[in-house]
Amino acid sequence: MSKLYNKFMDQTLSKEDIIIWLKDQGLVKHLVEHGALTEKDLEHAAECMWHIYLWYWKNLPVGHFLTAVLENDFIEACCRADSTNKMLLPMYALFLYNHVPIDYREKINKVIEV
């Protein structure tokens, strides 16, 4: 398991951990090198991913964009994403696939059914 996953599971994950992870990703490096992403953009994306963490552990609500991401609704996520998150949609897929427990899918389905 990844270090980020372990921190997610033992509830010690921080926004800074997410920023460090984002900065290590090839797509993010490319976008930063070409001036498409700023430090503020990375902080914004990390904040959104942090909200996934808070939703998972504390049942805090997420907005329409993150709901679409969690529901695996690509079209809705694209339509609801701001300009930063449109560029980083693949990072959300990697974050969910590699660092969030798979049972988030069951959890989001229960929220939808209520």
Task: Two-site label geometry, Lys86 and Tyr5: point separation in nm, points 7 Å out along Cα→Cβ - done: 3.3
Open item on the list: With a cut-off of 8 Å between alpha carbons and a minimum separation of six or more residues, what is the relative contact order of the chain in percent?
Closed with: 29
Task: Global geometry of segment 3-113, whether rounded, prolate or oblate, following the gyration tensor of its Cα atoms and the 1.5 cut on a/c - done: oblate
TODO: Give me the distance in nm between label points sitting 7 Å out from Cα along the Cα-to-Cβ direction at Ile20 and Asn72, one decimal.
DONE: 3.1
Task: Residue-averaged [θ]222 nm for the chain, counting only DSSP H segments that reach four residues, each worth -39500 (n - 2.57) - done: -21000 deg cm²/dmol
Open item on the list: My understanding is that a pair violates if its Cα-Cα distance is over 20 Å; which of Lys58/Lys110; Lys23/Lys107; Lys23/Lys86; Lys3/Lys23 do that in this structure?
Closed with: Lys23/Lys107
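Every number in this text was worked out from the coordinates using simple rules, so none of it is lab data. Predicted, not measured: the structure shown is a model, and the values here were computed from it. Cβ atoms come from the backbone with ideal geometry, glycine included; neighbour counts cover every protein chain shown.
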